[in-house]
Amino acid sequence: MTAYQLRNTILDLLLRIEKDSGFSHLLIDNEMKSKRIAPKDEGLLTEVVYGTIQRKMTLDYYLDNFVKKNKKMDAWVRMLLRMSVYQMVYLDKVPDHAIIHEAVEIAKQRGHKGISSFVNGVLRNIQRHGVPDTKEITDDAKRLSIETSHPEWLVKRWMTMYDYETVKTMCEANLTRKPISIRIQPMKITREKAMRMLEDLGFETRASLFSEQGIIVEKGNILHTELFRKGYVTIQDQSSMLVAEMLEVEPGMKVLDACSAPGGKATHIAEKMQNEGQIHAYDLHKKKVRLIDEKAAQLNLTIIDANPGDARKLGELHEDASFDRILIDAPCSGLGVIRGKPEIKYHKKEEDIKRLAEIQLEILEHVAPLLKKDGLLIYSTCTVDTAENEKVVQNFLANQTDFQIDESFFGTLPNELKRAPGITRNGLQLFPEYDGTDGFFLTRLKKI
């Protein structure tokens, strides 16, 4: 693929992500699987697509200094300028003159001479004068918003929950790419053997501190390995692995995973149970249930019964006090996984968070009666917003007499997490800058 074709593909991907609110990681994966992209080009495509989305607001701030305020532009022209400026400012792999040349050629092909001249003029002005300094912005929240490309309402919201330095560190971490983490299937292979096999292939790996099944892949594409294709390992974030570890399941138990798709946690639970017992997995969307079945089949796990179902109505399908363990990995804003899905921060609104918190509390209240006495329930989300985490737990416990925070949860955390900065009396909040994890909350409740 020529440099021109590659950048055209990048532009198409960026436009699809913005127009259709598509998830960047899924669209990039599909593009890679199409085999149109040469292995040597995969890194640049991924870098430019993710980088342009991650820094969209910063790039627009730069461009606004070189484009007249009332200038009308087609969406593809602005996106072409964004991706070009991203490469000029943040990458040193390609010289500016080559970036500008390719941008002008794309503008000629997609538009007309006037547009190509405009694109050429803007980019050459930026090349000559450099981008403006964000330090000129005096308001802390606005400056952090522009510098890290997070909506200002979101920065201000987080600043009511955490101190400024925590918010700043979190926003900056969201601009970085985290390493891939994988989980071994322990009935097929040991972690030590999997790491040796990967290192023999030139991978750089280290053991996860969150799970004895976890491996962090610092270098190497796990998707291209037999280990992945044959179900010896599966991709899962470390924070998600922590859920099954803290659920303390045993072989033969009956477990409910109330919001299961795509099935990473359910399959991990099945592995911890040595594929003995019952796991009832539900998801609201019928199409997503298939993902649970596919993941279980890939890992040769047979105890998962996956079905469509609204977590708020599972009491119609199961009797009270019928499960030893329950996992509620609640639907949430996803504001803890911005590093992997950077488009999330532009699509969410404050009212979304309020609505989701109400749904999360409803799910907890409707699912909790299904737990046996002395059973354990994990509540988790992949967000850093306290309204979806601690406040949901507090509101739930305020109306319950037979549930409490399981105090032993804190003592059974991995040693490295026992003094984590996000520990409160209501659970554990992981931040995206912590050891390459997602932003994630979990706590364990006990039925008394």
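Percent antiparallel among DSSP beta bridges with both residues in the chain, to the nearest 5? Numbers along the way, then the final one.
Working: 25 of 43 bridges.
Around 60 percent antiparallel, to the nearest 5.
The peptide list 295-305, 195-205, put in order of mean Cβ contacts within 10 Å with the highest first, becomes 295-305, 195-205. The ellipsoid that matches the Cα gyration tensor of the stretch 65-141 has semi-axes, each √(5λ) in whole angstrom, of 23, 16, 10, with the longest given first. Global size of the stretch 22-107: 13.8, 41 Å for Rg and Dmax (C-alpha atoms, Rg to one decimal, Dmax whole).
Taking a straight line from the alpha carbon of residue 286, these lysines sit under 17 Å away, with near neighbours fewer than eight places off in the same chain left out: 295, 313. Shape summary: the stretch 56-190 maps onto an equivalent ellipsoid whose semi-axes, from the alpha-carbon gyration tensor, are 33, 24, 13 Å in decreasing order.
With a Förster radius of 25 Å applied to the C-beta separation of residue 399 and residue 320, the computed FRET efficiency comes to 0.90.
Calculate, for residue 355 and residue 142, the FRET efficiency according to 1/(1 + (r/R0)^6) with r their C-beta to C-beta distance and R0 25 Å; round to the nearest 0.05. FRET efficiency, residue 355 to residue 142: 0.40.
Ranking of 246, 253 by solvent-accessible surface, largest first: 253, 246 (1.4 Å probe, protein heavy atoms only, all chains present). Which aspartates and glutamates have a Cα lying under 12 Å from the Cα of residue 135, excluding residues fewer than 8 positions away in the same chain? Correct list for residue 135: 147. Note that the stretch 204-246, at 10 °C in a medium of 1.306 mPa s, gets a Stokes-Einstein diffusion coefficient of 144 µm²/s from its Kirkwood radius over C-alpha pairs.
Computed from the Cα positions only, the extents of the stretch 225-318 along the three principal axes stand at 43, 29, 24 Å, in decreasing order.
Can you give the Kirkwood hydrodynamic radius of the stretch 308-448 from its Cα pairs, in Å with one decimal? Please report the intermediate quantities before stating the final value.
Numbers: mean 1/r = 0.0637 Å⁻¹.
Taking every pair of different Cα atoms in the stretch 308-448, averaging 1/r and inverting gives 15.7 Å.
Over all distinct Cα pairs, what is the inverse of the mean 1/r for the stretch 258-307, reported as the Kirkwood hydrodynamic radius in Å? Kirkwood radius, the stretch 258-307: 10.3 Å. The percentage of C-alpha pairs in the chain whose separation is greater than 29 Å is 52%.
For the stretch 95-232, the per residue solvent-accessible surface stands at 51 Å², with DNA, RNA and ligands left out and a 1.4 Å probe. In this model, which of 142/354; 93/178; 40/71; 219/349; 69/113; 348/447 are farther than 28 Å apart at the alpha-carbon? Flagged as over cut-off: 40/71; 219/349; 348/447. These residues, 91, 81, go from largest to smallest accessible area, 1.4 Å probe, as 91, 81.
Between residue 391 and residue 90, the modelled label-to-label distance comes to 3.1 nm, taking each label 7 Å out from Cα in the direction of the beta carbon. Estimated at 0.36 nm per residue, the fully extended path between residue 129 and residue 300 surpasses their Cα-Cα distance by 55.7 nm.
The values are calculated or read from the model by the stated rules, or taken from the named source; none is laboratory data. Small disclaimer: the values here were computed from a predicted structure and weren't measured. Cβ atoms come from the backbone with ideal geometry, glycine included; neighbour counts cover every protein chain shown. When the accessible area is computed, the model is the full protein with side chains, heavy atoms only, and any ligands, DNA or RNA have been set aside. Shrake-Rupley method; radii C 1.70, N 1.55, O 1.52, S 1.80 Å.
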